[in-house]
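Have a look at the structure below before the remarks.
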Amino acid sequence: MSALVEGEASRSTVLLRSLVDWAVNTEASSRSSALIRIGLAILFWSRWAGELTLFSSHGALELALSLNFFAATTMLFIGLSSRVAAAWAGVVAMAMYYYFGQQLGREPWTHHHTYLLAMAALLLALTPCGRSYSLDRYLAVTRAARERRACPAERGNVWGLRMIVIQMSVLYFYSAFDKTQSGFLSGARLEHIVLWFYAGSDYPAMPSFPTMAMLTAVAVVVLEYALAFGLPLRRTRRYLLPLGIAFHLTIYVTLPVYTFSATMLLLYLAYLDPDRVHRVIDRMQCVDGVPRIQP
């Protein structure tokens with residue numbers, strides 16, 4: 001009996017150690033983090049740059065917000081003090097969400113895509129996002145060449161990517177949990193969405209429309225639960241990634257949730273093995289006209 005208990009304790013210890021290693025002790029390529037960094041800067045600009053131009057600012061507070069926004073996101077895009085820039089951009093987005101949105105009543109800034117972008121930027125600050133495709137990288141390589149040292153490795157602790165994975169799983173779970181009630185599962189909310197954006201006041205003439213709405217609603221909930229628990233697992237990820245991508249592309253082209261959908265698609269990079277992403281990029285590059293094929 002004691003041997004059985006000791007065996008169970010040993011397996012639990014090994015599992016816990018593996019989880020800790022996955023979460024906070026993994027070193028890998030920095031290219032995934034760098035691609036997310038560049039993509040987040042573009043998403044920040046596409047969503048808010050038009051609203052935060054200096055001539056649109058009213059008063060010192062909004063002017064300060066605009067200056068901080070453009071300074072942080074520009075540094076994020078070019079990769080100058082990349083981790084500081086990521087944290088800075090995340091703090092700016094949090095200020096937009098909580099203070100300007102929740103407190104001052106700028107309602108469009110209270111939406112979930114604002115919070116997601118803010119959290120993504122803050123978690124990106126925990127990654128080696130400046131060690132690839134950045135001005136930080138250029139300066140480091142230049143300094144190494146001047147000092148006749150080897151180029152710095154494009155590697156670092158990627159625990160920030162693991163935190164993004166956990167954040168996305170939590171998001172999927174609570175999105176599905178919120179929909180797990182009769183109002184959504186019956187298809188009524190989807191019917192309302194179709195009427196609001198497509199059909200107007202005329203109810204669709206298709207006899208099967210209510211049934212289609214109900215089946216689609218159930219499929220959405222099942223898929224979101226599956227993405228919450230299955231995407232972090234290597235065995236199920238290969239099957240769920242295409243479904244998740246198709247899901248968000250469908251939402252992107254059918255509903256006005258462009259920023260959220262694009263952000264989720266960008267953050268799917270966090271699910272991929274960073275070293276494998278590195279090797280795929282290497283395969284697409286040639287040196288002296290010779291493809292660099294790696295196993």
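Summary table
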read-out: Of all residues in the range 233-273 being in a loop (DSSP other than H, G, I, E, B) and within 24 Å of residue 38 (Cβ to Cβ), the one that is nearest to the chain's Cα centre (by Cα); value: 272
read-out: Single residue of 47, 31, 83 found to be of a type in the set (Lys, Arg), surrounded by 14 or more Cβ atoms within 10 Å (Cβ to Cβ) and either modelled with pLDDT under 95 or over 30 Å from residue 233 (Cβ atoms) (or both); value: 47
read-out: Cross-chain or 6+ apart pairs with Cβ under 6 Å, the range 136-161 first and closer than 14 Å to residue 278 by Cβ, then assigned to a helix (DSSP H, G or I) and at pLDDT 95 or above; value: 158/274; 161/270
read-out: Index of the failed condition, residue 172 passing every other in (1) in contact with a Phe, Trp or Tyr (Cβ under 8 Å, 6 or more places away or on another chain); (2) surrounded by fewer than 17 Cβ atoms within 10 Å (Cβ to Cβ); value: (2)
read-out: Only listed residue being in the same structural domain as residue 226 (by TED's automatic domain parsing), at positive phi and either acidic (Asp, Glu) or touching a residue at least 24 places away in the same chain (Cβ under 8 Å) (or both), chosen from 187, 200; value: 187
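Yes/no per residue for (1) outside the structural domain of residue 116 (by TED's automatic domain parsing); (2) at positive phi; (3) not hydroxyl-bearing (Ser, Thr, Tyr):
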residue: 143; (1), (2), (3): no, no, yes
residue: 152; (1), (2), (3): no, no, yes
residue: 173; (1), (2), (3): yes, no, yes
residue: 194; (1), (2), (3): yes, no, yes
residue: 225; (1), (2), (3): yes, no, no
residue: 234; (1), (2), (3): yes, no, yes
residue: 242; (1), (2), (3): yes, no, yes
residue: 252; (1), (2), (3): yes, no, no
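The values are calculated or read from the model by the stated rules, or taken from the named source; none is laboratory data. All values derive from a computational prediction rather than experimental measurement. Note: ideal-geometry Cβ built from the backbone for every residue, glycine included; neighbour counts use all protein chains shown.
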